[in-house]
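A.B. asks: Dumping the structure here so I can ask a few things about it.
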Amino acid sequence: MKNLTQLIYKLKPVELRLLRSKYQVRQNGAPNRRLELLNLIVKKKVKTDQEAAQLIYGEEPNATFSRLKKRLRKDILNMMLLTDSSKQYESEVAYQKSNCRKMILQADLLLNRGLREDAIQLLEEVVEIANTYEFLDIEPAIRDWLRHKTNNQLTKEEFEFHTNRINHCLQAYDGVMKAREYHRRIGFFDPFNREEQEQLQDVGHTYINELADRAKQNPSPHLTFSYLQTTIFYWLKCGNPLQALPYIHQLLDLVQAEKQLYLRVSLGSIQNQLAFVYCCLEQFEEAIQIGESALENLQKGIANQSHTLKLLFLSHLYLQQYEQANHYLQLCFENNFLNSHPILKAQLHFYHAYLHFFQAQFTEAIQIIQTHCQELKKEKAAWLLGYKLLEIYIAFETNEYYHLSYQLENFRKLIDRSKEEKVSRARLIHKLAAALLRYQGDFDTLYQKETQTLQSLRQVHTDVAWHFGSYELLRFEQWVIQKCSIVSS
């Protein structure tokens with residue numbers, strides 16, 4: 001019932017009117033069951049199969065009710081196709097691709113009824129549109145049909161033109177498919193496993209070099225787009241956002257310049273990546289500027305929008321703009337994608353706790369993590385490490401030294417149980433926090449005795465490097481420096 005309900009709620013008013021008018025005609029004087037089910041859902045009188053089946057048939061859901069749902073769904077899809085228009089699409093590209101597919105179906109109907117010339121004319125229009133927007137999956141098949149089924153009407157030049165375009169499209173499409181394959185393969189490498197990360201560096205270089213060669217050989221915007229996407233993903237997966245930056249700028253320029261690539265959601269996704277890189281480089285003002293632009297292009301409630309909202313929250317948090325940070329955090333709580341995943345919702349509460357912590361509201365922070373972040377305890381590492389670290393921060397801030405010994409021991413055990421290999425930073429933080437406990441919270445003494453160790457936490461591209469967006473929202477070494485009276489932040 002859920003899928004059918006969601007589909008009906010997406011219907012336009014004109015589609016709903018046409019569907020109802022179709023059902024108004026009674027069959028053998030009996031009311032149309034599909035119309036009954038449609039009206040029950042539209043008026044929100046039923047939510048489950050059991051409720052709907054009882055109201056329509058007076059019995060529990062059975063095979064008859066299942067067939068009724070399938071027939072209604074089929075009618076809805078046919079009606080959506082019938083009323084399809086450019087107004088229902090956010091971009092001209094998406095509409096034209098749908099239009100091409102619809103015209104191909106119409107050409108098939110014409111051919112089945114013997115109207116060959118009309119069908120050829122329609123397919124020639126399809127080819128022209130596909131060529132304009134570089135629909136690599138549509139153009140070769142139609143050109144192949146035209147060059148064979150109309151060979152008596154084609155000149156040699158026209159045949160060669162069709163053939164060259166087919167070869168161009170197939171070569172570009174093969175490159176696009178290969179780029180998507182490599183993109184997925186790169187995603188399989190575990191970022192917490194040192195051995196796999198080393199393999200990724202070798203294999204990934206081979207991937208992006210091959211794609212770069214393909215893009216040079218074939219000037220296809222779609223191929224270039226896929227190559228840049230995979231290359232950006234590779235460098236971000238390697239934890240090197242600076243290397244990804246020029247490719248992101250290239251991709252942004254490409255999408256804005258090529259009308260066959262321009263989609264608002266694509267533009268917003270690229271802007272989201274750019275905002276992330278700026279955050280990694282700690283250029284938070286630039287991240288906010290590009291992140292706000294990304295929000296204008298991303299659909300509400302989807303994953304990319306949720307990621308952009310979190311970037312904006314963190315950027316304002318690190319700039320100590322707490323009111324703005326809270327604004328974006330509240331928008332995160334309204335995001336459907338984040339609310340549908342318990343672990344992601346718990347992470348939002350974790351962010352909320354840190355927002356209070358940054359403002360020295362330690363009681364509120366500890367109440368939030370103890371009340372709303374229990375889902376994070378189900379993880380063996382990662383966010384659970386962050387949960388424990390925030391507890392340690394708060395204990396030091398509130399001079400709860402009695403609990404600290406216990407908390408540090410739990411933190412150490414969690415690190416030891418972690419199967420991930422990239423916990424070197426957490427181990428070093430535990431060592432420094434244990435030393436700070438021995439010094440009874442004297443940050444100046446810790447800084448004097450452990451200056452070199454603290455400085456190592458500031459290095460990049462090492463096993464102990466800090467990563468933006470990780471569970472460690474407040475960098476340990478920055479926290480120590482902020483609490484020291486002998487150094488400035």
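A.B. asks: Quick check: anything in region 385-397 under 24 Å from the mean Cα position of the chain (by Cα) and buried (at least 16 other Cβ atoms within 10 Å of the Cβ)? Give the steps one after another, and end with the answer.
C.D. replies: Narrowing region 385-397 to residues under 24 Å from the mean Cα position of the chain (by Cα): 386.
Within this subset, residues satisfying the condition of being buried (at least 16 other Cβ atoms within 10 Å of the Cβ) are 386.
Yes, because at least one residue in region 385-397 is under 24 Å from the mean Cα position of the chain (by Cα) and buried (at least 16 other Cβ atoms within 10 Å of the Cβ).
A.B. asks: Can you name every residue in region 280-290 that is at pLDDT below 95 and either buried (at least 23 other Cβ atoms within 10 Å of the Cβ) or of a type in the set (Asp, Glu) (or both)?
C.D. replies: Residue satisfying the conditions is Glu282 alone.
A.B. asks: When Trp145 is evaluated against the numbered criteria (1) without any contact (Cβ under 8 Å) to a residue 24 or more places away in the chain; (2) touching an Asp or Glu at 6+ places or on another chain (Cβ under 7 Å); (3) hydrophobic (A, V, I, L, M, F, W, C); (4) under 30 Å from Thr224 (Cα atoms), which criterion, by number, is the only one it fails?
C.D. replies: (2)
A.B. asks: Could you list, in sequence order, all residues of region 144-176 that are of a type outside the set (Asp, Glu) and within 35 Å of the chain's Cα centre (by Cα)? Break it down stepwise before answering.
C.D. replies: Filtering region 144-176 for residues of a type outside the set (Asp, Glu) gives 145-156, 159, 161-173, 175-176.
Of everything in region 144-176, those that are of a type outside the set (Asp, Glu) and within 35 Å of the chain's Cα centre (by Cα) turn out to be Arg165, Ile166, Asn167, His168, Cys169, Leu170, Gln171, Ala172, Tyr173, Gly175, Val176.
A.B. asks: Applying the selection to region 83-97, what residues are at pLDDT 70 or above and assigned to a helix (DSSP H, G or I)?
C.D. replies: If the condition is that a residue be at pLDDT 70 or above and assigned to a helix (DSSP H, G or I), then Glu92, Val93, Ala94, Tyr95, Gln96, Lys97 are the ones that fit.
A.B. asks: Same structure again: How many residues does region 15-35 hold that are loosely packed, with under 14 Cβ neighbours inside 10 Å and either in a loop (DSSP other than H, G, I, E, B) or at pLDDT below 80 (or both)?
C.D. replies: Of region 15-35, the ones loosely packed, with under 14 Cβ neighbours inside 10 Å are 17, 21, 24-31.
Adding the requirement that they be either in a loop (DSSP other than H, G, I, E, B) or at pLDDT below 80 (or both) leaves 24-31.
So the answer is 8.
A.B. asks: List the pairs whose first member sits in region 257-280 and is on the phi > 0 side of the Ramachandran plot, whose second member is assigned to a helix (DSSP H, G or I), and whose Cβ atoms are under 9 Å apart, counting only residues at least 6 apart or on separate chains?
C.D. replies: none
A.B. asks: Pull up region 137-176, narrow it to residues that are farther than 13 Å from Leu123 by Cα and of a type in the set (Asp, Glu), then point me to the one that is modelled with the highest pLDDT.
C.D. replies: Asp174
A.B. asks: Right, here's the next one. For region 154-197, give me the residue count where each residue is under 16 Å from His222 (Cα atoms), of a type in the set (Ser, Thr, Tyr) and without any contact (Cβ under 8 Å) to a residue 12 or more places away in the chain.
C.D. replies: Filtering region 154-197 for residues under 16 Å from His222 (Cα atoms) gives 165-183.
Those still in the list that are of a type in the set (Ser, Thr, Tyr) too: 173, 182.
Of the ones still in play, those that are also without any contact (Cβ under 8 Å) to a residue 12 or more places away in the chain are none.
Summing the residues that are under 16 Å from His222 (Cα atoms), of a type in the set (Ser, Thr, Tyr) and without any contact (Cβ under 8 Å) to a residue 12 or more places away in the chain in region 154-197 gives 0.
A.B. asks: Ala179: under 30 Å from Val127 (Cβ atoms) and within 21 Å of the chain's Cα centre (by Cα), yes or no?
C.D. replies: yes
A.B. asks: Another question, then. For His352, are the conditions met, namely being in contact (Cβ under 8 Å) with a residue 12 or more places away in the chain, of a type outside the set (S, T, N, Q) and either part of a helix (DSSP H, G or I) or closer than 26 Å to Leu245 by Cα (or both)?
C.D. replies: Values: in contact (Cβ under 8 Å) with a residue 12 or more places away in the chain: yes; of a type outside the set (S, T, N, Q): yes; either part of a helix (DSSP H, G or I) or closer than 26 Å to Leu245 by Cα (or both): yes.
For His352, the condition - in contact (Cβ under 8 Å) with a residue 12 or more places away in the chain, of a type outside the set (S, T, N, Q) and either part of a helix (DSSP H, G or I) or closer than 26 Å to Leu245 by Cα (or both) - is met.
A.B. asks: Let me ask you something else. When both residues are 6+ apart or on different chains and their Cβ atoms are under 9 Å apart, which pairs have a first residue that lies in region 320-336 and is of a type outside the set (Ser, Thr, Tyr) and surrounded by 15 or more Cβ atoms within 10 Å (Cβ to Cβ), and a second that is at pLDDT 90 or above and not in a helix (DSSP H, G or I)?
C.D. replies: Within 9 Å, the pairs are Ala325/Leu319.
A.B. asks: Moving to a separate point now. Identify, by number, the condition in (1) over 18 Å from Lys413 (Cα atoms); (2) assigned to a helix (DSSP H, G or I); (3) more than 29 Å from the chain's Cα centre (by Cα) that Ile343 doesn't meet.
C.D. replies: The number of the failed condition is (3).
A.B. asks: Suppose we filter Arg417, Arg425 for residues that are exposed (fewer than 13 other Cβ atoms within 10 Å of the Cβ) and within 35 Å of the chain's Cα centre (by Cα); which single one remains?
C.D. replies: Values: Arg425 fails: exposed (fewer than 13 other Cβ atoms within 10 Å of the Cβ).
So the residue among Arg417, Arg425 that is exposed (fewer than 13 other Cβ atoms within 10 Å of the Cβ) and within 35 Å of the chain's Cα centre (by Cα) is Arg417.
A.B. asks: Another question, if that's okay. Filter region 198-240 for residues that are part of a helix (DSSP H, G or I), under 21 Å from Asp463 (Cα atoms) and touching a residue at least 60 places away in the same chain (Cβ under 8 Å) and give the result.
C.D. replies: none
The values are calculated or read from the model by the stated rules, or taken from the named source; none is laboratory data. What you are looking at is a predicted structure, and each value in this text was computed from that prediction instead of being measured. Virtual Cβ from ideal backbone geometry, glycine too; neighbours counted across all protein chains shown.
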